Amino acid sequence: MVRLNKHEWLFIAIILMAFAVRYYDLTHAGYTGDMLYFNAPWAQDIQGLGLFNVYTSWLNINYPPLFLFILAFTSWIVPPFFDNSMILEFVILTKLFSVLAEVVLIGAVYFWIPKHTRLKWIVPLLLAVHPGMIATTASSPARAIGQGRGATPHSSCDRVRGRPAGWPSRNLRASPRRC
């Protein structure tokens, strides 16, 4: 039988807390616009055209190649759509890589900080419950930029100005945007 000391139990508790805090958001669609208009269609095109040809078919792919490998892997296991609706398992598998990377980061910070300081517990615990990290990997739809304001993912004004759709103009006091 393996005996763990109190430091090892605390580390395990922090890691489990990190997973528990992210579980709800992991199992829901999150940034629905990103998943519907970008990730799922990209995954379909990766399956149809191949991983390296997807950059030629989509001009707006601004994600790193590592994420496209993740999309290729998840769409190989579970197709993104079934009867024009997104499959929850595809969403979970796509987000799972980001959540696992966060938990590995929390563990790396724990092992990097010296043993005899309170920061060894405070910093990983704060990273485990930090809302900014949770919001970027497994977010709810209300946190998405541009959602609920009528923003379209392919606005010509935003493409001309070089901003993602739905982002506010640089001059917040200016009159409404015009192309």
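Read-outs throughout are calculated quantities, based only on the coordinates presented, and are distinct from any laboratory measurement. Note that this is a predicted model, so its numbers are computed, not measured. With ideal geometry, Cβ positions are generated from the backbone for all residues, glycine too; neighbour counts draw on all protein chains shown.
Tabulated data for the structure shown
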read-out	value
Förster-model FRET efficiency, 41 Å R0, ALA72 and VAL109, C-beta, rounded to 0.05	0.85
Whichever lysines have a C-alpha closer than 19 Å to that of LYS6, once near sequence neighbours (fewer than 8 apart) are set aside	LYS115, LYS120
